[in-house]
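Novice: This structure is in structure tokens; I'll ask about it shortly.
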Amino acid sequence: MSENKLPWSVPVALSDIPDTGRRFELSANEETRAEVAKLAGLRALPRLEAAFDLAPHGAQGLRVTGRVAARVGQTCVVTLDPIENEVDENVNVLFAPPMEAPADREGATGVAEKNIDPDAPEPLAGDVIDLGSLAIEFLLLGIDPYPRKPGVAFEPQPAKDAGAHPFAALAALKKGQGGKDD
């Protein structure tokens, strides 16, 4: 696996998508799931599936809708016990050929500003879209970064000494060197 290549690649040529659209149902094999788990920092990835509906959009664009579903093995951030969580992410992405970017303009700060439209379509690189990479992207977006076992909440330990605080040792040093206590 090269540095820039994701472990799950399912390339689809735009020319293979009829005007009526096409459905793809994908299921990652064990080796691919192990590589994706490693990439995502997961303990395990017992299931990774995706279902995509691809349809032409405009003259040269493509709309991808569907779902990415997975069962991810993680570690509870409170108890450190192994847990499994479900990921179920909706996908709705519009791809279009890259447009020529407007020239940067300088704002009041004298710094060049770029007009970035968050609703702009994703740029198509060539005439192929990689559904495996898209599935990994949405899987990563759906993973809980702070997983907890059901019913478990983090409760900090009460302070043993109400006067103790992070700078108590410094305050004691200051008093010991003849400093004034404010």
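Novice: Please work out which residue is nearest to TYR146 (Cα to Cα), limiting yourself to segment 52-68 and to residues that are touching a Leu at 6+ places or on another chain (Cβ under 8 Å) and at pLDDT 95 or above.
Specialist: Ranking the qualifying residues of segment 52-68, first place goes to VAL68.
Novice: So, in segment 14-59, exactly how many residues are acidic (Asp, Glu), under 17 Å from the mean Cα position of the chain (by Cα) and not in a strand (DSSP E or B)?
Specialist: Summing the residues that are acidic (Asp, Glu), under 17 Å from the mean Cα position of the chain (by Cα) and not in a strand (DSSP E or B) in segment 14-59 gives 1.
Novice: Taking only pairs six or more apart or across chains, which ones have beta-carbon atoms under 6 Å, a first residue in segment 4-33 that is closer than 13 Å to ARG63 by Cα, and a second residue that is assigned to a loop (DSSP other than H, G, I, E, B)?
Specialist: Within 6 Å, the pairs are LEU14/ASP127.
Novice: What about VAL72, is it at pLDDT 95 or above, over 16 Å from LEU134 (Cβ atoms), hydrophobic (A, V, I, L, M, F, W, C) and surrounded by 19 or more Cβ atoms within 10 Å (Cβ to Cβ)?
Specialist: Taking the combined requirement at face value, the residue satisfies it.
Novice: Suppose we keep only residues that are free of Cβ contacts under 8 Å to residues at least 40 places away in the same chain and aliphatic (A, V, I, L, M) within segment 34-43. Which one would you say is surrounded by the fewest Cβ atoms within 10 Å (Cβ to Cβ)?
Specialist: ALA34
The values are calculated or read from the model by the stated rules, or taken from the named source; none is laboratory data. Predicted model, so just to flag it, every value in this text is computed and none were measured. As a convention, Cβ positions derive from the backbone with ideal geometry for all residues, glycine included, and neighbour counts pool all protein chains shown.
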